[in-house]
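No lab work stands behind these numbers, since they all come straight from the coordinates. Everything numeric in this text was worked out from a predicted model, so none of it was measured. We place every Cβ from the backbone using ideal geometry, glycine too, and count neighbours over all the protein chains shown.
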Amino acid sequence: MELNERVRQFAVDTLAAMGLSLDVAINDTPDGIRVEISGDGGEALLRRRAEALDALQVIVNTAFRRQLDDDRSFVVDCLDYRKGKDAELRQMTRFTMEKVKTNRASQEMGPLNPYSRRIVHLTVAEDPALATESIGDAFLKTVIISAKRVS
């Protein structure tokens, strides 16, 4: 069985064990493999700041990431919740980048989980004048956005 189909079936089975009968589709993108969940009752995954959705994403990545041939990971979304949150985080990151350029002072974002930190790092990487660094030693870390030092 192909990896994407195994991931889809795993998600369906996990959701069924949670008492949820939802549709699951897999979309392969250059950034990652999106596990798209839809259907009546999907809101259950979005309660409490989408803790259940985040947990499902961790479980899917733990179970299948090593089977990928590249450095992508799995992104689990339900009813386009994560898509909206990702766009919001990118917008906030761009706002923070402008503050760094205007004030010439480093700015902090966080604490953020690994998935959110990756979005921040990739967004800042679009501007060659800025750099990022994650600080902290826990699961949630802070990202520092600063101007690159000219040598």
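Some observations on this one:
- For Val76, distant residues with modelled amide H under 5 Å away: Val35
- Candidates per GluC sites (Glu not before Pro) in the range 1-96, loop by DSSP, up to 11 other Cβ within 10 Å: Glu2
- Given the alternatives [x] 27, 17, 13; [y] 33, 16, 13; [z] 47, 15, 12, semi-axes √(5λ) of the Cα gyration tensor in Å as computed for this entry is given by [y].
- Relative contact order (%) - the chain, alpha-carbon pairs under 8 angstrom, separation at least six: 16 percent
- The chain: DSSP helices with Cα axial extent of at least 20 Å and average Kyte-Doolittle hydropathy no lower than -1.0: 3-17, 47-64
- Sequence-distant lysines (8 or more away, or on other chains) whose Cα lies within less than 18 Å of Lys101: Lys148
- Scalar couplings 3J(HN,Hα) for the range 129-138, obtained by applying the Karplus form with A = 6.51, B = -1.76, C = 1.60 to θ = phi - 60°, are 8, 10, 9, 10, 8, 8, 10, x, 10, 10 Hz; x denotes Gly and Pro.
- The loop-placed trypsin sites (Lys or Arg not before Pro) in the range 13-115, going by DSSP, that have at most 13 neighbouring Cβ atoms within 10 Å of their Cβ come out as Arg104.
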